[in-house]
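Take a look at the structure below.
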Amino acid sequence: MTDLLRTPFGFSSTADDVIAGIDLTGRRALVTGATSGIGVETARTLAAAGAEVVLGVRRREAGDRIAAQIAERTGNPLVSARALDLGDLRSVAAFVASWDGPLHILINNAGIMALPELELTQEGHELQFATNYLGHFALTSGLHDALAAAYGARIVSVSSSAHLFSPVIFDDLDFRFRPYDRWAAYGQSKTADVLLAVEADRRWSHEGILANALNPGAIATGLQKHTGGLQTPVDKQKTPAQGAATSVLLAASPLVEGVGGRYFEDCNEAPVLRGKPVMFGGGVAPWALDAYNAERLWETSTELVARATTEH
């Protein structure tokens, strides 16, 4: 077992703490879900360090407004928004087709949580799985050439401690047979996000593309609109600036140069849990880092995306 990677940063560190002294001039970053929560803070931090930042957003008007605010606040004019609906694979395909040039940083940040009722996309996929994972898979795999062209790209997959709620149930991804459970669905999607990083790193690290996953922590944002607000104990909660820190670390810090296929929280690599998870206790489930699960999910997802492209 490789020793866990440790950094000088921790629970209370902010995105600005992590980016201090780092110059991202000449690098291009794409952040999904960057109109609220930690996505905005992540995008702002990268822009402040000099990166060209594209916000991949479902609501273009809101994205344009946030992009303008970030540009004004940071003094960096290279901030823009593009339409991207991760729950619609046609939208993802159109976004990929419109991308031109290298991509140095891809942060798969967008997400929805705990939908009270089962909702399916036009392609027939459970909406949390489709939005949190499958759309990001299609985006990541579709942008492979752009990532490879960057010669040192990083992929950051934003997961959650909720991945502990469920592994990926390959025989029933979309709750066609088992009763719908909003937390099982959310947990499955967040496990899938970790597996995406594991397999992307295995397949592409030889091209200089590194991928890692993370748990940003508990941050009060619009993500909790279906849960009645944040339920995490106050001493375990973070501000958006603290919540974005681990994403920024994995996207830009030299401290993780050459590191891939791992899961981080509080700006450090998390231990693999061997016993029953403890609520708010941290750690990563073995199923989320399992190489067989990661390869199987990638192959399954490739088929699902291809089928959607053919049928629609």
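Things worth noting here:
- Counting every C-alpha pair in region 123-171, the share spaced more than 12 angstrom apart comes to 73%.
- DSSP bridge orientation in region 101-235 - percent antiparallel, rounded to nearest 5: 10
- Calculated SAXS-style log₁₀ I(q)/I(0) at q = 0.10, 0.18 Å⁻¹ - region 1-139, Debye, Cα scatterers: -0.38, -1.03
- Surface accessible to a 1.4 Å probe, per residue, for the residues of the chain, Å²: 42
- Once divided by 2.2 N^0.38 Å, the Cα radius of gyration of the chain becomes 0.91.
- Heavy-atom accessible area ranking, 1.4 Å probe, most first, across 299, 126, 269, 257: 257, 299, 269, 126
- Whole-number percent relative contact order across the chain, with pairs defined as alpha carbons under 8 Å at least 6 apart: 21
- Region 93-138 versus region 259-287: alpha-carbon centroid distance in Å: 24
- Under a Gaussian network description of the chain, with springs only between Cα atoms under 10 Å, the residue in 50, 281, 39 that fluctuates furthest is 281.
- Residue order for 131, 239 - accessible surface, 1.4 angstrom probe, largest first: 239, 131
- Only beta bridges with both residues in the chain are counted; by DSSP, about 10 percent of them are antiparallel.
- The 1.4 Å probe gives accessible areas that order 98, 189, 80, largest first, as 98, 80, 189.
- Within region 85-185, the trypsin sites (Lys or Arg not before Pro) that combine a DSSP coil assignment with at most 12 other C-beta atoms in a 10 angstrom radius are 176.
- Estimated dipole of the chain in Debye, rounded to 20 [Cβ of Lys and Arg +1, of Asp and Glu -1, Cα centre]: 460
- Per-residue ellipticity at 222 nm, computed for the chain from helices alone with -39500 (n - 2.57) per DSSP H run of at least four residues, works out to -11000 deg cm²/dmol.
- Sequence-distant residues sharing a close amide H with residue 81 (under 5 Å, placed H): 55
- Among 170, 281, 255 - extreme Cα towards positive end, dipole of the chain, charges at beta-carbon: 281
- Region 85-222 - Rg (one decimal) and Dmax (whole number), Cα, Å: 15.0, 45
- Each residue was assigned an accessible area with a 1.4 Å probe, and for residue 266 the value is about 50 Å².
The values are calculated or read from the model by the stated rules, or taken from the named source; none is laboratory data. These figures come from a predicted structure and were not determined experimentally. Note: ideal-geometry Cβ built from the backbone for every residue, glycine included; neighbour counts use all protein chains shown. Note: accessible area is taken over every heavy atom of the protein model, side chains too, but ligands, DNA and RNA are not part of it. Shrake-Rupley method; radii C 1.70, N 1.55, O 1.52, S 1.80 Å.
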